[in-house]
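Engineer: Next up is a structure, given as structure tokens.
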């Protein structure tokens, strides 16, 4: 769900900055580039965006869920959640 939260947030930023419908894509980095959002984020935020991209793809396919679960232990999941929440809050401030 972290991927989806950030995807929808970047699309909201796209709408806010471009005043048009965001493209129907799920690649966070590409969305961030097309919206100009990528120019506002530091390396840590870029790293999180890149880390979230494959999680969305892997979560869609049942055969990949086992591999995904092996990568996402408790500590890794908590870290992703915390960092996603921080990025979401930062994006929300941009939109105000």
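The values are calculated or read from the model by the stated rules, or taken from the named source; none is laboratory data. Here the structure is a predicted model, which is why all the values come from computation and not from measurement. Cβ atoms come from the backbone with ideal geometry, glycine included; neighbour counts cover every protein chain shown.
Engineer: What is the one condition in (1) within 14 Å of residue 86 (Cα to Cα); (2) without any contact (Cβ under 8 Å) to a residue 24 or more places away in the chain that residue 54 does not satisfy?
Structural biologist: Status for residue 54: all satisfied but (1).
Engineer: For residue 50, only one of the following conditions fails: (1) in contact with a helix residue (DSSP H, G or I) (Cβ under 6 Å, 6 or more places away or on another chain); (2) modelled with pLDDT under 95. What is its number?
Structural biologist: Here residue 50 clears every test but (1).
Engineer: Residues in the stretch 15-34: is at least one touching a residue at least 40 places away in the same chain (Cβ under 8 Å) and touching a helix residue (DSSP H, G or I) at 6+ places or on another chain (Cβ under 9 Å)?
Structural biologist: Yes, that holds for at least one residue.
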